[in-house]
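Here's the structure, in structure tokens; my notes come after.
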Amino acid sequence: MPDATTLMLRSPLTQLIESDGLTADRLAGLSALEIGRLPVWSGRQRLPLGDVFDVRGGRSAHVRIAGDVGHVAGIGAGMTSGELVIEGDAGASVGAGMSGGRIEVLGSVGDDAGQAMTGGSLVVRGSAGNRVGAGAPGASRGMTGGEIVVAGSVGAEAGARMRRGLLFVNRDAGDHVARTIIAGTVIVLGRTGREPALGSKRGTLVAVGGVDVPVTYRYACTYEPPHVRVAFVHIRRRYGMTIGPEVVAGRYRRYCGDAGTVGKGEILEWIST
């Protein structure tokens, strides 16, 4: 990442840190000294960011965070543009509410990653916790745009109340994936957990590695969905995910539901050959 602003963790963290405005677009207009003065919180204690990170560079829309920041919550929350790379694990709410730009995490992330995001892309090279791409507490909608790609597994309620966008999970997904989804696409290459897409109104859940289809869904047909092929090709090219040709060009059983709603959602179950 040329000409990037670099935040180097000064020492390993043992307490939770809540970041405030740690986004590429906000840091783009600040010098290293000004970045170091930004506030972070450790419990009720307000600290300057420079007490936690050694800041190098400045005035760049490309930001690199070096070190294990698994105890730092809210990195990239509300980001609108720019590029943010986290070279390790990160805490909760990474990219929550982001509307643009790209965040890439080379490790794993905590709960609520990409929560209520409206645009941009969030790439997690490790695994993610619960509620990735879901809605904020009490909100009627989850993510309404953008793309989330997780190379590992995700926890429960991934994509819950999703309105639009794409959520791709390279391994397993926990229980209640795509719960009450309104629209959008959720793809799980590994095993899909219990009670997927319950309360779905529209939208698509693609289950490649095995799924127990709820009884509230009815079998419709078996076919080769063109929109799934387009999504897989896009994910392979843009994010470098390995997806076998037998999956990309495969046949899928289509189930329609949920019967308790308008019933225009679908679960597509891959048929191995």
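The values are calculated or read from the model by the stated rules, or taken from the named source; none is laboratory data. Note that the coordinates shown come from a computational prediction; the quantities given were computed from them, not determined experimentally. As a convention, Cβ positions derive from the backbone with ideal geometry for all residues, glycine included, and neighbour counts pool all protein chains shown.
Details
- Note on region 28-65: residues that are in a strand (DSSP E or B) and not charged (D, E, K, R) total 12.
- Subset tally (residues that are charged (D, E, K, R), part of a loop (DSSP other than H, G, I, E, B) and within 24 Å of the chain's Cα centre (by Cα)) for region 5-27: 1
- Out of G97, G135, G146, sole residue that is touching a strand residue (DSSP E or B) at 6+ places or on another chain (Cβ under 7 Å) and of a type in the set (G, A, S): G146
- Check on G114, in a loop (DSSP other than H, G, I, E, B) and under 11 Å from the mean Cα position of the chain (by Cα): yes
- When the strands (runs of 3 or more DSSP E) confined to region 173-273 are screened for residues that are basic (K, R), those reaching at least 2 such residues are found at 251-257.
- Of all residues making up region 236-264, the number that are over 19 Å from R191 (Cα atoms), at pLDDT 95 or above and surrounded by 13 or more Cβ atoms within 10 Å (Cβ to Cβ): 3
- Selection within region 43-60 - more than 15 Å from M8 (Cα to Cα), without any contact (Cβ under 8 Å) to a residue 40 or more places away in the chain and either outside the structural domain of I17 (by TED's automatic domain parsing) or not charged (D, E, K, R) (or both): G43, Q45, L47
- Lone unmet requirement of (1) in contact with a strand residue (DSSP E or B) (Cβ under 8 Å, 6 or more places away or on another chain); (2) over 17 Å from E104 (Cβ atoms) for P12: (1)
- Between V94, V69, V85, V63, the distinction of being farther than 25 Å from V154 by Cα and either hydroxyl-bearing (S, T, Y) or in contact (Cβ under 8 Å) with a residue 12 or more places away in the chain (or both) belongs to V63 only.
- Test: residue in region 183-202 that is buried (at least 24 other Cβ atoms within 10 Å of the Cβ), assigned by TED's automatic domain parsing to the domain that holds G119 and touching a Ser or Thr at 6+ places or on another chain (Cβ under 6 Å): no
- Criterion (more than 19 Å from V150 (Cβ to Cβ), among the aliphatic types (A, V, I, L, M) and not assigned by TED's automatic domain parsing to the domain that holds R161) met by exactly one of V94, V69, V85, V40: V40
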